[in-house]
Amino acid sequence: MIEALRSDEIVKKLGGRFKLCALIQRRMKELVVDGARPLVEREGRTDLELVIEEILQDKIAPTWAPEEVQDESEDGAVL
């Protein structure tokens, strides 16, 4: 399963290595810290292998929050 990370297929699927890393990190937190249930059968796989399989099977996808609107103060500094 980790071999999938060596392929550019999964990177292209998500739009870049940064997005892939962010999605893996977010999902790992959900599984490990928040106690979320896996969306695929564990079958003796590690949490990382589960996340990669969920991505490959299109069970999870990146959903990014829209960028926050930045306010400008009187002196022009961005808050």
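Summary of computed values
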| read-out | value |
| --- | --- |
| Tabulated pairs, the stretch 40-65, first within 13 Å of Ala22 (Cα to Cα), second modelled with pLDDT under 95 and part of a loop (DSSP other than H, G, I, E, B), C-beta under 6 angstrom, 6+ apart or interchain | Ile52/Met1 |
| Test: residue in the stretch 34-44 that is exposed (fewer than 14 other Cβ atoms within 10 Å of the Cβ), β-branched (Val, Ile, Thr) and not in a helix (DSSP H, G or I) | no |
| All positions within the stretch 6-33 that are surrounded by fewer than 10 Cβ atoms within 10 Å (Cβ to Cβ) and hydrophobic (A, V, I, L, M, F, W, C) | Val33 |
| Conditions (1) at pLDDT 90 or above; (2) assigned to a helix (DSSP H, G or I); (3) surrounded by fewer than 16 Cβ atoms within 10 Å (Cβ to Cβ); (4) among the acidic types (Asp, Glu): number failed by Glu3 | (1) |
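The values are calculated or read from the model by the stated rules, or taken from the named source; none is laboratory data. Only a predicted model underlies this, so the values are computations on that prediction, with no experimental measurement involved. For neighbour counting, all protein chains shown are included, and Cβ atoms are generated from backbone atoms with ideal geometry for every residue, glycine included.
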